[in-house]
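Here the structure is laid out as structure tokens; the discussion comes afterwards.
The values are calculated or read from the model by the stated rules, or taken from the named source; none is laboratory data. Only a predicted model underlies this, so the values are computations on that prediction, with no experimental measurement involved. Methodologically, a virtual Cβ is constructed for each residue, glycine included, from the backbone with ideal geometry; neighbour enumeration extends over all protein chains shown. Ligands, DNA and RNA are stripped out before the accessible areas are found, and what is left, the full protein with its side chains, is counted by its heavy atoms. Shrake-Rupley method; radii C 1.70, N 1.55, O 1.52, S 1.80 Å.
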Amino acid sequence: MNYKEFNISVPINTNNVSVVDGIVQYDTANIVNARLMDGVEAFDFTGYTEVFIEILKPDGTHIQTCVTDDPEVNEDNNPYTIHVVDPKEGRISFNLQGQATILTGTHFGQIMITSGGKILTTARINYYVGDTLQSDADPSEITSSGEYSSLRTLIARNSAIAAAERDRVDAETLRKLAELAREDRMDELEDAITAYLNNAVSYVEQTEDYMEQAQQFAQLAQNPSAEIIANLISQLGLASEDYVDDSISTATKNFDAGNYTDGADAKKLLKARRGSDDDIPTLEVGEFGFSTDTGTVYIGGSSGNIPLNGVYVAGATAPERKDLLWIDTSAGGTIKYWDGDSWEPTATATFA
């Protein structure tokens with residue numbers, strides 16, 4: 001069977017959208033050859049653990065599928081034939097079929113790479129599915145729905161890891177049993193058998209935990225809720241809002257910006273609010289502000305903003321600020337103040 005192939009370059013560090021056109025409704029032979037690009041160079045993702053393909057369909061349902069770095073896990077859990085062609089050259093291919101072509105219209109997709117607990121998401125891949133011209137090609141028994149084959153893949157991966165560990169523990173237990181039998185230490189043999197049974201119970205409990213966590217992920221994907229998210233935060237040991245509010249606030253309450261002689265790497269920068277003097281808001285009590293056009297520093301007080309620098313200004317033209325004394329140098333150094341309507345003289349002063 002011949003396949004239609006679409007070759008695209010997908011950026012990893014920009015939002016440039018890659019567009020695929022020419023896919024027909026119900027088609028099952030659409031190979032997309034994607035090359036991940038870091039600027040003008042191919043992106044090397046050697047050492048990946050999972051590659052996800054995520055698609056948002058026109059009716060709002062989702063497709064999420066993935067492959068891992070374990071070919072045995074992928075064998076029965078890869079409905080969209082994701083193939084990592086060459087990670088060093090950033091090459092991935094996948095087949096758009098099934099739920100990916102059941103609806104006409106624009107679909108939005110992206111590729112996600114995971115490695116070492118980190119996730120990298122590419123720019124968006126948009127593809128358009130056009131109407132089929134075959135009148136008998138509308139399988140009415142097939143309807144659009146969300147598909148999360150990635151959950152099956154991850155469960156299979158966890159099951160494979162648990163099975164390998166179980167086989168290792170079983171082999172080690174059998175070795176110990178044989179050794180104890182040879183030495184005729186029946187009391188220790190009984191303890192070993194008890195430990196073996198306890199391990200079996202723990203394996204059952206571990207499997208139940210895997211299934212419960214997978215169910216929570218599935219529920220979260222279909223209908224996110226605060227309760228499920230809170231449970232996952234607790235199980236995965238993530239930082240909660242209380243931790244950020246309490247622990248981090250306590251740790252940073254005594255802030256030391258450093259010394260003048262500190263190098264660029266050692267200094268700590270604390271910036272005040274700033275902007276044009278005409279735009280200054282009413283500052284919070286104790287909050288600093290800096291007017292970039294007049295050079296005035298303010299601090300918020302209980303009765304409004306209080307300027308911290310300047311008592312007078314000398315010059316031939318009246319200043320913008322009415323809260324300062326003006327030494328009018330064009331009038332022989334006359335000291336003037338603003339009475340609410342105009343600048344009124346009070347005395348004279350001489351400056352060296």
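The separation of segment 1-51 from segment 61-93, counted between C-alpha centres, amounts to 12 Å. How high is the FRET efficiency between Thr81 and Arg168 when r is their beta carbon distance and R₀ equals 35 Å, given to the nearest 0.05? FRET efficiency, Thr81 to Arg168: 0.60. Ordered by solvent-accessible area of protein heavy atoms (1.4 Å probe), largest first, the residues Ser234, Ser276, Ser302 come out as Ser302, Ser234, Ser276. Summing charges over neighbours of Leu36, with a neighbour being any other residue whose Cβ is under 13 Å away from its Cβ, gives -2 when K and R count +1 and D and E count -1. Relative to a virtual label point 7 Å from the Cα of Val313 in the Cα→beta-carbon direction, which members of segment 288-303 show backbone nitrogen distances below 11 Å? Flagged as within label range: 293-296. Rolling a 1.4 Å probe across all protein chains gives Val311 an accessible area of roughly 110 Å². Extending 7 Å from Cα along the Cβ direction at Thr132 and again at Tyr337 yields two label points whose distance is 9.0 nm. Surface calculation, 1.4 Å probe, protein heavy atoms: Trp338 sits at approximately 80 Å² accessible.
Using the Cα coordinates of segment 8-48, the gyration tensor eigenvalues translate into equivalent-ellipsoid semi-axes of 25, 13, 7 Å, sorted from longest to shortest.
Estimated at the nearest 10 Å², the accessible area of Arg35 is 60 Å² with a 1.4 Å probe.
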